[in-house]
Structure formats: structure tokens, C-alpha cells
Amino acid sequence: MRIKKNIAISDSGFVFNPTTGDSYSLNQVGKEILQYLGENRSKEEITSLMTSQYDIDAASFEKYFFDFIGMLRQFELLEESDAT
Amino acid sequence: MQPKITVALTGLNNTDNPGPGVPVIRGIRESVAFQSRIIGLAYENLEPAIYMEGVVDKTYQVPYPSEGTDVLVKRILEIHQKDPIDVLIPNFDAELYAFMRSEKLLREAGIHTFLPTLEQFEERHKSNLPEFGRKYDLEVPFSKPITRIDEIEKLKEEFDYPLMVKGKFYDAYLAYNEEQVRMNFNKITAKWGVPVIIQEFIKGTEVNVVALGDGTGNTMGAVPMRKQYITDKGKAWSGITLDDPKMLELTRRIIRAMKWRGGMELELVKSHKNEYYIIEINPRIPAWVYLAVGAGQNMPEALVKLALGMEMKPFEGYEVGKMFIRYSYDLITNVKEFEKLSTQGEL
């Protein structure tokens, strides 16, 4: 899962897709996940990082994580090879 | 020293359905290549740009093109005699025909234009879009011109509802049933006459490109934009520049194939399958052109340069994520100004 190269993510959590002109606002958790995705970290690594930082177990996190990834796909923010 | 160029233009109706006059003037005023004097050509005496500060230097009233090409051109030449014009930029589809036909006459009088040819103008016409798509292998929605109200009933044989009902120059309405087609047919014919164009409705995101062709197949500039806020008249109230190589390639392909000369606006719908359908090709600069100026491509300035045969290199790049947001503003003026234009035909 990789974020498209041209997607701009600002420190404030503002995400801009220059191909579609769409923009989104992320909360702190979403911003962190997008940052990890940008660093090409695996799902396992992200789960480990998030569960050590926040009060959530791995199974619950993964449920929310896949939900979030689904949303990124729908908004065409992931590389096409990852979007199917 | 920069040369001083007098540019005359129309489209001063900076209303909720704005003409391109004011943004074109803003671009020209910002030119680094020349100084400008702007002559506004007004069809109506309440067109806002006539009264706006620092927009036009002088305004002349002109007759509507519907009164006849000769009448309009005669008035332009009359203005030119007392207030010489270097470049004329028509900003309405409806008047282009008159000016394209008179291009030679205007040039001989010393007035330069940079317009598409009559053939180019006709080819991209809404009513000719299916043929245009076939000729250049481009995706266009199925469309059909109709001239009589009794043709509406038979549309269901060729179209699925909803469908678009469009005027030959302006106006477009989405219709969900025959009754709505009839209502819009009457509304459009009362204003623009026939034919009315019935077009397949393509669901997706509306995106546009403002571009400039040099007449030999080269694209001198192109900036894609997505409307972010659309008024009830379907006009962009806000928009943002996009980084979309497919849209740019499509634009270059069209300009190369047609050898398009002058300003152009491509209206596209990007379907959910990421296919681009050409909805319209407008043969002039659109009212949102100042976004392109703000993003780094001063197309009005470039158009003047091309009209005068000045050196002009194609623009390279533009700023992505640049936005425009329109606003309305109550301008206070004196009835004396209005009176002068109304009685003397100039201000």
C-alpha cells in the first residue's frame, strides 16, 4: 500500500490530490498512518507502532486500519497497482 | 521601451454568468511585454466592467450581432476611425461568426484578431460533436440536434433519461423526462433559436482546460481546472488547477489535429472509469482564464502577442493547486455615467 507520489500532505493533516483537485482533512491518527504509508511501512509495522502508542489491541486496530485503507482507495489516493 | 497597444474587447458583463472580458483585461494589464489601453465594447449599458475602476479606459456601445454582421463591423470600423484599435478580442461565441467572416476586412483596416477559422469553428460545434469525435477518434457523448418540439417524444428511442438539453451557443439543462425536455426546449429556443442539442448525460466530474493554439498545431499554453463550486447557472464560482497529464495530452492532441487558432476552453467529464468525454469545445477564452494567469500562464497577453505577430514561446508549466474564488461587489456609480453611455453610446 503506497500513497500516490504526487499527493501532498501538510503538517496540519491537510491532504491535496493534485490530479482530481480534491482535498481532505486528517486527524492526528490518520496523519500518522499516512506518514507511515509514505515511509513504505508494512501493515504489521504500522499495527505494531500504533498499538504501542495508543490504547488499542491489534485486532481492533486492523479493523479500523482496513476501513481507512478502503477510504483511501475510494478517494484514489493509493497507487493504482495497490488500488484493486 | 514597451510598446503601447490598444485592445478592444467584449464580454464586459461581469455578472453571475460572467463574460471573459474582465479577466482578459486583467491579464493584458499585467503584461510585461507591452503597455495597454483598453477599449470596452458593450452590448448593454449595465455591463459592470464599464463602470469598474481601472478596467476599461473607454467604452463604446455596439449593436448585437443578431442585428447583422455588417452593422456590427461598421460600428467597429467607425470606432476604429476615431479611436484606433490594434487588437480586437471577441469574447462571446455568438459574435465570433461575424468577426471571423470580417477578419480580412478588419485586418485591412489595421485591426488584428487571432480567431479560429470558420471551418474550425463549425467543426467543434455542439451539434457536430459526434462527427467531430469520429473524425479525431475522441470520446464524445452521443448527441443529436433537434429543431421541432414533436421530435422530443421520439428521443426515448435513442437516449436514456436523464439527458442534457443545450442551446447552440449557451445554456444547458439536465432533463429527467419528456416534460422537462419540452420546457427547456422552449426556454432555449426563445433565447437562442434552433437547433437545440440533445446530449447523452455522462456521470462524472466536470473538468475544464483553458488553452491557446497558434494555428499551426502547436499548443502555446494549457491549464486544467476542476470546478469546486458551481452556481445554479452551471458556472464555476471556484476552481483549482490540476496536475493531470491526460487532460493536457488530450488538449494537445485536439489542437494539433485541428490546428486550432486562438483561445479555447475544453469542457470534459471524467467518468468513474477515468475516461474523458468531451462535452464542449468553446471557441474562445473562458471567464475563469484569470486562474491560468495566476498559475503562471498569461494567456490573454499571449493572445495579443500572437495577434500582432510578436515573439511568443509556449508556456512551460503552471502552478498546481492554485485556486480562484469569485465574489460579488456592489459598485456605486452616478446616473450621469449611465446617462452618458445611454445617450451618446460611449463613456
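Of note:
- Filter result for the condition that a residue is under 20 Å from the mean Cα position of the chain (by Cα) and loosely packed, with under 15 Cβ neighbours inside 10 Å, over B:Ser66, B:Ser102, B:Ser127: B:Ser66
- Matching entry among B:Glu151, B:Glu53, B:Glu131, B:Glu122 (being free of Cβ contacts under 8 Å to residues at least 12 places away in the same chain and assigned to a loop (DSSP other than H, G, I, E, B)): B:Glu53
- Members of region A:6-29 that are of a type in the set (S, T, N, Q), within 12 Å of chain B (Cβ to nearest Cβ) and in a strand (DSSP E or B): A:Ser23
- In region B:64-87, the residue that is farthest from B:Leu106 (Cα to Cα) out of those that are modelled with pLDDT of 95 or more and part of a loop (DSSP other than H, G, I, E, B) is B:Asp83.
- Within region B:27-50, the set of residues being outside any loop (DSSP other than H, G, I, E, B) and out of contact with any strand residue (DSSP E or B) (no Cβ under 8 Å at 6 or more places or on another chain) comprises B:Gly27, B:Pro48.
- Test: residue in region B:241-253 that is in a strand (DSSP E or B), crowded, with 20+ Cβ neighbours inside 10 Å and not β-branched (Val, Ile, Thr): no
- Counting residues in region B:239-257 that are polar (S, T, N, Q) and modelled with pLDDT of 95 or more gives one or more.
- Residue count for region A:37-53 satisfying the condition of being surrounded by 18 or more Cβ atoms within 10 Å (Cβ to Cβ) and either within 14 Å of chain B (Cβ to nearest Cβ) or under 11 Å from the mean Cα position of the chain (by Cα) (or both): 2.
- Verdict on B:Leu138 being assigned to a loop (DSSP other than H, G, I, E, B) and touching a residue at least 24 places away in the same chain (Cβ under 8 Å): yes
- Of residues in region B:255-309 being in a loop (DSSP other than H, G, I, E, B) and among the charged types (D, E, K, R), the one nearest to B:Ser36 (Cα to Cα): B:Arg284
- When B:His272 is tested against (1) free of Cβ contacts under 8 Å to residues at least 60 places away in the same chain; (2) surrounded by fewer than 23 Cβ atoms within 10 Å (Cβ to Cβ), exactly one condition is not met: (1).
- Subset tally (residues that are within 12 Å of chain A (Cβ to nearest Cβ) and farther than 16 Å from B:Gly294 by Cβ) for region B:211-226: 0
- Criterion violated by B:Val304 - all others in (1) surrounded by fewer than 21 Cβ atoms within 10 Å (Cβ to Cβ); (2) within 26 Å of B:Lys4 (Cα to Cα); (3) β-branched (Val, Ile, Thr) satisfied: (1)
- In region B:309-330, of all residues being over 17 Å from B:Val32 (Cβ atoms) and among the charged types (D, E, K, R), the one that is surrounded by the fewest Cβ atoms within 10 Å (Cβ to Cβ) corresponds to B:Asp330.
- Scanning region B:240-263 for residues that are in contact (Cβ under 8 Å) with a residue 60 or more places away in the chain, away from every other protein chain (no Cβ under 13 Å) and not small (Gly, Ala, Ser) gives B:Leu250, B:Arg253, B:Ile254, B:Met258, B:Lys259, B:Trp260, B:Arg261.
The values are calculated or read from the model by the stated rules, or taken from the named source; none is laboratory data. What you see is a predicted model; the values in this text were computed from it and never measured. Glycine also receives a Cβ, built like all others from the backbone with ideal geometry; neighbour counts cover every protein chain displayed.
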